[in-house]
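The values are calculated or read from the model by the stated rules, or taken from the named source; none is laboratory data. Just so it is clear, the model here is predicted, and its values are computed rather than measured. For neighbour counting, all protein chains shown are included, and Cβ atoms are generated from backbone atoms with ideal geometry for every residue, glycine included. Just so you know, the surface numbers come from the protein's heavy atoms only, side chains and all, with ligands and any DNA or RNA stripped out. Shrake-Rupley method; radii C 1.70, N 1.55, O 1.52, S 1.80 Å.
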Amino acid sequence: MAQRNSGGQPAARQGPPPFNPPVELLSDLSKSIQNSLNTYQNAASAEDKLSALQEISATSAKLAANTTPLPQRFLEFTFRPHLNAAARIAIEMKLLDTLPLDGSVITISDIAKACNAEEEFVLRIARLLAAYNILVESESASGTLSYGHTEFSRFANQGPTKAGIVHNFDNMLNAQTGAAGYYFNEFGFKSPEDGKNCPFTFAHGAKDESAWDIFERIPWRGRLLQEAMSIQGLLGLQALVDAYPFEKLTPNEDGIMYVDVGGGRGNVEKEVLKHHPEMKGKIVLQDLKSVLEAGTVVPEPDAKLMPYDFFKEVQPVKGSSYLLKWIFHDWPDNACLAILENLKPAMRGHSHSKLLICDLVLPNRNPSAGFCLRDMNMMTIAGKERAEMQWRSLLDQGGFEIMQIISCDGGNFSVIEAVLREN
Ligand SMILES: C[S@@+](CC[C@H](N)C(=O)[O-])C[C@H]1O[C@@H](n2cnc3c(N)ncnc32)[C@H](O)[C@@H]1O
């Protein structure tokens with residue numbers, strides 16, 4: 001019988017409830033994993049294989065959640081951000097660089113010597129990474145601990161991935177932890193609607209500045225962001241360039257096939273030109289002056305570099321097609337509409353002119369944990385990841401009609417192709 005307090009209400013239970021996950025539930029989850037495993041084994045296409053693996057991963061996560069005692073789950077959850085801190089430190093001390101690439105292990109003492117670090121410190125970082133299967137740990141007969149790479153740590157130690165970890169930790173999480181508990185309390189529990197008043201700007205104590213103004217004002221932060229953008233080269237950019245026929249776009253009267261608006265250092269152009277060298281000189285790469293001046297990964301004249309601010313100016317290249325990749329997810333709806341307003345005069349009267357938005361298109365139900373995390377990341381700077389309904393409503397409001405949505409790489413990249421409604 002439930003205990004009652006003096007007011008006759010059930011007393012709040014102290015401590016965790018009994019932990020007895022029902023065998024039927026665990027058995028159903030295991031069967032579901034086995035079924036997906038069979039699908040994976042017999043899958044005819046790479047896409048079917050990927051989708052079966054994603055099922056296995058999602059159901060295994062449910063199984064792990066349902067088999068981890070609640071206090072342990074709570075501790076791992078609440079301290080979990082320290083895993084990211086350990087990875088950030090490992091990058092700073094070049095710990096992963098000391099590990100043999102062939103997967104063999106080296107001792108703590110050898111890692112410490114190579115990193116100019118204290119052995120105990122190395123142990124504390126390395127064992128946490130091993131506890132999360134980022135490194136492997138082995139113990140010799142004499143009890144000496146050694147660590148080695150996993151496939152994941154080798155991936156995480158490539159230049160672009162390291163840059164992604166550093167940018168997400170130093171720029172995004174740094175702001176998020178400085179603001180999450182306070183910003184929404186002050187400005188309301190709602191999606192930020194002003195790029196100049198968001199958790200990122202709040203954490204920086206900024207007045208009348210967007211995150212992008214801060215990235216410009218503090219160049220090392222902006223550099224971290226631009227370096228992190230190169231991660232797309234490892235994350236399926238090639239699949240995007242295979243999936244969308246950039247080479248079939250109709251050029252404008254100056255021969256420009258598309259303009260990459262807010263294209264950063266030109267990572268997309270590098271990939272497009274690798275596949276379609278005949279497009280050299282027929283692409284315009286636009287971004288803020290400071291970004292282009294800091295260096296691009298495509299040289300001029302392979303792409304024409306053109307400083308451009310999509311809030312301040314009407315699009316100067318007329319009658320071409322316009323790629324906006326990872327732009328709209330950086331901004332709230334009203335800012336996206338302002339960007340579209342500045343595009344319209346360039347597209348009006350050019351029926352071949354296409355708007356190509358490359359962003360996530362969230363599934364309406366059960367988006368993956370990774371997609372939800374990416375959305376929270378965007379909330380930091382007043383942006384958001386949008387579901388198809390949200391894209392349709394935003395573009396309709398902006399006067400555009402969606403012609404098709406092409407998704408690739410398990411939904412990591414989508415191209416929304418739209419045209420201007422001429423009325
Ligand atoms: C998330 S990054 C995406 C870069 C690139 N499109 C890509 O996918 O690799 C956003 C880009 O928008 C640019 N940007 C921000 N504000 C801008 C503005 N007002 N006008 C033009 N570009 C801007 C940034 O400099 C940055 O390169």
note = Counting only residues that are farther than 21 Å from residue 160 by Cβ and within 12 Å of the ligand (Cβ to nearest atom), segment 267-287 contains a total of 1
message = Need the failing condition index for residue 240 against (1) part of a helix (DSSP H, G or I); (2) more than 19 Å from residue 167 (Cβ to Cβ); (3) out of contact with any strand residue (DSSP E or B) (no Cβ under 8 Å at 6 or more places or on another chain), just the number.
response = (3)
query = Restricting to segment 196-205, what's the tally of residues that are within 15 Å of the ligand (Cβ to nearest atom), open to solvent by less than 50 Å² (accessible area, probe 1.4 Å) and not aromatic (Phe, Trp, Tyr)?
reply = 2
request  = Give the residues of segment 304-352 that are away from the ligand (no atom under 13 Å from the Cβ) and either part of a loop (DSSP other than H, G, I, E, B) or not assigned by TED's automatic domain parsing to the domain that holds residue 268 (or both), sorted by residue number.
outcome  = 317, 318, 319, 320, 321, 332, 348, 349, 350, 351, 352
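What's the total number of residues in segment 26-46 that are in a helix (DSSP H, G or I) and in contact with a helix residue (DSSP H, G or I) (Cβ under 6 Å, 6 or more places away or on another chain)? Even if it seems obvious, please write down each step before you answer.
Taking segment 26-46 and keeping what is in a helix (DSSP H, G or I), we get 26-42, 46.
Filter again for in contact with a helix residue (DSSP H, G or I) (Cβ under 6 Å, 6 or more places away or on another chain), leaving 29, 32-33, 36, 39-40.
Number of matching residues: 6.
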task = Would you be able to say whether some residue in segment 371-386 is of a type outside the set (A, V, I, L, M, F, W, C) and surrounded by fewer than 16 Cβ atoms within 10 Å (Cβ to Cβ)?
result = no
request  = For residues that are open to solvent by 30 Å² or more (accessible area, probe 1.4 Å) and polar (S, T, N, Q), scanning just segment 206-248, find the one that is nearest to the chain's Cα centre (by Cα).
outcome  = 230
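Every residue, every condition in (1) within 15 Å of the ligand (Cβ to nearest atom); (2) in a loop (DSSP other than H, G, I, E, B); (3) free of Cβ contacts under 8 Å to residues at least 12 places away in the same chain, yes or no:
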residue	(1), (2), (3)
216	yes, no, no
222	yes, no, no
226	yes, no, no
235	yes, yes, no
247	no, no, no
260	yes, no, no
264	yes, yes, no
296	yes, yes, no
299	no, yes, yes
